Amino acid sequence: MKDRVMICFATGQSDCNLLPILSSKFQPQKVCLLCTPEMKEEAAFFKKALNGRTEVDIVELGTSDEIGRIQDALMEVVDRYENKVVMNITGGKKTMTIAAFNVCSAFAIPFFYLDLKTFNVFYFENNQSGAVVEPRVENIQYDIKNNKGNLKIFLKARKIVAEDLHEWQPPTDDEKEYFDFIMKFRDPSELQVILEGLRILNKYASKSVKPNNRIEVPIERKDWSHLGFNEICEELEKLEFLLPSGSALIKFKNHETAEFLAGKWFEKYCAMVFKNLFPQLPIFHGEMFITGQTKNEFDLVFLKDSKIFIGEVKASHLSEESPKHSPIIYKLDSLKNSVGGKSSQACLISLDEVNNEIKGRCKTNKIFYIDKILGRVDILEKQIKEWLKK
């Protein structure tokens with residue numbers, strides 16, 4: 001197929017056209033995308049996604065319902081490329097599939113169908129009208145490289161622009177030491193004290209994140225004697241993440257340290273756990289712009305086995321019902337609906353237990369969630385493996 005032009009129909013489910021292009025087993029020389037008026041935007045993003053990788057010609061298709069007119073358009077395209085074509089009959093409406101099959105049968109054009117549940121490609125060659133031909137079956141699930149370039153192509157084909165993606169780097173020795181301290185196994189009562197201390201720390205660190213904010217913040221009197229907060233601060237002073245400042249003030253080393261302690265530490269910790277489980281898998285984070293929406297910050301995003309996995313990581317308090325959690329729920333809904341597709345998975349990872357409203361919303365939108373993992377890295381590892389099997 002590498003010396004042929006792949007003819008296919010523009011569709012909202014871009015993977016049926018994208019996967020064969022990225023697979024080393026197929027990789028057509030060029031793509032001809034037939035596009036109905038309803039699919040113009042999808043076709044444009046698909047072409048942009050493959051810019052510099054595979055040339056895409058977009059051919060307007062005036063109808064998706066009239067089989068005769070679709071067949072005429074297909075035959076014109078076949079003639080244009082001098083029969084050096086292969087037809088992908090996976091996408092489009094049933095009328096379009098019938099028209100494509102009729103043309104392939106009449107002119108002995110090879111064609112294939114991609115099963116997005118199994119990632120099996122059923123490839124038919126030398127097909128003659130009336131003849132029953134046994135297809136060649138190729139599985140392409142593990143054939144696509146899990147790199148940044150392919151991830152950006154997957155996202156852009158879904159109308160998601162992700163130019164600001166960064167790979168998570170390994171934590172420093174001091175960061176690892178902090179992770180070990182926070183995430184070590186404790187009895188339930190001690191865990192609760194540490195969890196409360198983290199919430200207090202998050203409150204003050206959040207006030208020092210922005211460059212124009214002070215790195216020295218007054219501590220409220222009610223927090224002075226909190227055991228968990230004081231224990232965490234003592235550890236942070238040893239690591240020089242906090243500077244000595246007395247009992248009434250908390251002084252962060254710099255704004256970057258404040259950002260780390262305000263919640264980024266948990267994102268980096270989760271990325272580290274993923275990398276420990278799958279050393280060859282690059283894990284990314286960054287800003288993404290979904291067409292028609294505001295930008296979103298994605299904590300974990302990666303490509304594995306031809307699927308996009310996106311993780312939202314929260315160290316904040318999600319166990320109680322609160323209107324403050326509505327943006328999180330909205331973002332999860334938006335995330336799942338925008339990324340969409342059978343070959344995409346989303347997950348919420350929470351340090352604390354999530355409330356029933358969020359659990360229900362996750363279940364409704366088929367979003368996996370992992371919670372109550374403070375001091376239980378074994379649970380986190382087990383649940384990550386389960387999520388990646390989805």
Every residue from the stretch 201-218 that is open to solvent by 20 Å² or more (accessible area, probe 1.4 Å), closer than 11 Å to K251 by Cα and not basic (K, R): I215, E216, P218
Counted residues, the stretch 165-192 - those being in a loop (DSSP other than H, G, I, E, B), of a type in the set (K, R) and open to solvent by 20 Å² or more (accessible area, probe 1.4 Å): 1
Selected residue [at pLDDT below 95, in contact with a Leu (Cβ under 6 Å, 6 or more places away or on another chain) and among the charged types (D, E, K, R)] from E163, E216, E256, E220: E216
Whichever residue in the stretch 223-236 is open to solvent by less than 50 Å² (accessible area, probe 1.4 Å) and either over 21 Å from C270 (Cβ atoms) or not charged (D, E, K, R) (or both) and, among such residues, is modelled with the lowest pLDDT: D223
A315, sole failed condition from (1) open to solvent by less than 10 Å² (accessible area, probe 1.4 Å); (2) at pLDDT 85 or above; (3) over 12 Å from the mean Cα position of the chain (by Cα): (1)
Checklist (1) open to solvent by 30 Å² or more (accessible area, probe 1.4 Å); (2) of a type in the set (V, I, T); (3) assigned to a loop (DSSP other than H, G, I, E, B) applied to I109, failing item: (1)
Within the stretch 345-390, tally of residues that are of a type in the set (A, V, I, L, M) and either more than 13 Å from I328 (Cβ to Cβ) or in contact with a His (Cβ under 6 Å, 6 or more places away or on another chain) (or both): 9
Tabulated pairs, the stretch 43-66, first more than 18 Å from D3 (Cα to Cα) and touching a residue at least 24 places away in the same chain (Cβ under 8 Å), second open to solvent by 30 Å² or more (accessible area, probe 1.4 Å) and part of a loop (DSSP other than H, G, I, E, B), C-beta under 6 angstrom, 6+ apart or interchain: F45/K159; S64/K93
Count - residues of the stretch 1-26 that are among the polar types (S, T, N, Q) and closer than 15 Å to A49 by Cα: 4
Selection within the stretch 134-164 - part of a helix (DSSP H, G or I) and crowded, with 18+ Cβ neighbours inside 10 Å: L151, K152, I153, F154, L155, K156, A157
Only listed residue being of a type in the set (G, A, S), surrounded by 14 or more Cβ atoms within 10 Å (Cβ to Cβ) and either under 17 Å from I153 (Cβ atoms) or in contact with a Phe, Trp or Tyr (Cβ under 9 Å, 6 or more places away or on another chain) (or both), chosen from A99, A44: A44
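The values are calculated or read from the model by the stated rules, or taken from the named source; none is laboratory data. Note that this is a predicted model, so its numbers are computed, not measured. Glycine gets a Cβ as well: all are built from the backbone with ideal geometry, and neighbour counts include every protein chain shown. Quick note on the areas: whole protein, heavy atoms, side chains included, nothing else; ligands and nucleic acids left out. Shrake-Rupley method; radii C 1.70, N 1.55, O 1.52, S 1.80 Å.
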